[in-house]
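Read the structure below first, then the notes.
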């Protein structure tokens with residue numbers, strides 16, 4: 001039976017550490033770390049994420065600044081708000097909730113965020129720093145995966161690591177972070193030939209393609225560590241599930257993340273960590 005990698009417990013541990021450090025920071029600097037979250041429109045999933053981020057900030061003693069803009073907000077108004085927040089000393093991190101309405105240029109909006117307040121680590125400046133291994137911020141989900149591995153005592157150096165998915169948000173940065181820890185990394189995608197055979201080489205398999213329960217036992221080597229980044233609804237009953245068929249894979253894996261309760265709780269936790277890093281760089285005494 002696989003070791004269950006408990007993302008809820010690890011996230012709680014990290015949040016307790018951040019809360020303690022944030023109290024000390026506020027005592028020294030007279031200001032709490034501050035995160036501004038902008039949401040445009042009324043996407044229900046985005047609204048849930050924003051509420052969760054607000055609650056997470058309260059939990060660790062951060063200030064939370066919420067900006068809910070109507071769906072028809074024009075680009076000029078959104079960019080003006082970002083510029084205002086870039087110059088607001090109470091705001092250490094800025095996050096624009098994606099996706100944006102179609103009339104807004106996502107790339108232009110993300111470029112407008114000051115790199116030193118880019119706590120999602122989507123700005124090309126921060127992406128470039130990740131590539132060379134000299135960074136302040138990491139994309140939250142890949143950073144969460146690395147914390148799960150580290151705090152579960154899973155060694156990466158010398159291991160065969162396979163990342164399935166090549167998005168800018170998860171797949172690509174995940175591969176870079178595993179490489180930085182001396183993993184031997186293969187990135188797979190929709191054009192990969194004989195995907196199952198490539199996955200079966202993995203000592204550490206990271207699944208991030210957004211297909212419910214796609215990865216069955218035939219994709220997993222006995223004794224592999226399986227990290228499931230997916231968050232889907234099972235077509236048959238609408239229940240939350242990952243990209244991995246947990247029931248089929250768990251008996252042969254050495255360790256595995258559940259869905260929910262695995263990678264998910266780590267993402268907002270890493271956002272808090274990035275925000276605290278930004279606050280220290282901008283205002284530490």
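The values are calculated or read from the model by the stated rules, or taken from the named source; none is laboratory data. Remember, predicted model here, so these are calculated numbers, not experimental data. FYI the Cβ positions are ideal-geometry reconstructions off the backbone, even for glycines, and counts take in every protein chain you see.
Residues of the range 87-100 being in a loop (DSSP other than H, G, I, E, B) and either surrounded by 16 or more Cβ atoms within 10 Å (Cβ to Cβ) or touching a helix residue (DSSP H, G or I) at 6+ places or on another chain (Cβ under 6 Å) (or both), which ones?
Result: 91, 92, 97, 98, 100.
Can you find a residue in the range 230-238 that is part of a helix (DSSP H, G or I) and free of Cβ contacts under 8 Å to residues at least 60 places away in the same chain?
No: zero hits.
So residue 58 fits all but one of (1) in contact (Cβ under 8 Å) with a residue 40 or more places away in the chain; (2) under 18 Å from residue 272 (Cα atoms); what number is the exception?
(1)
So which helices (runs of 4 or more DSSP H) stay within the range 110-222 end to end and still have 2 or more residues that are closer than 30 Å to residue 235 by Cβ and touching a helix residue (DSSP H, G or I) at 6+ places or on another chain (Cβ under 8 Å)?
Of the helices (runs of 4 or more DSSP H) lying wholly inside the range 110-222, those with at least 2 residues that are closer than 30 Å to residue 235 by Cβ and touching a helix residue (DSSP H, G or I) at 6+ places or on another chain (Cβ under 8 Å) span 140-151, 171-180, 195-199.
For residue 70, are the conditions met, namely being at pLDDT 95 or above and assigned by TED's automatic domain parsing to the domain that holds residue 102?
Answer is yes for this residue.
Which number in (1) in the same structural domain as residue 153 (by TED's automatic domain parsing); (2) in contact (Cβ under 8 Å) with a residue 40 or more places away in the chain; (3) touching a helix residue (DSSP H, G or I) at 6+ places or on another chain (Cβ under 6 Å) marks the one condition that residue 270 misses?
So residue 270 meets the others, but not (1).
If the requirement is being modelled with pLDDT of 95 or more, outside any strand (DSSP E or B) and farther than 16 Å from residue 276 by Cβ, which of these qualifies: 82, 18, 38?
82
With the structure loaded, tell me whether residue 258 is in the same structural domain as residue 155 (by TED's automatic domain parsing), crowded, with 18+ Cβ neighbours inside 10 Å and assigned to a loop (DSSP other than H, G, I, E, B) or whether it fails that test.
Spelling it out, residue 258 is indeed in the same structural domain as residue 155 (by TED's automatic domain parsing), crowded, with 18+ Cβ neighbours inside 10 Å and assigned to a loop (DSSP other than H, G, I, E, B).
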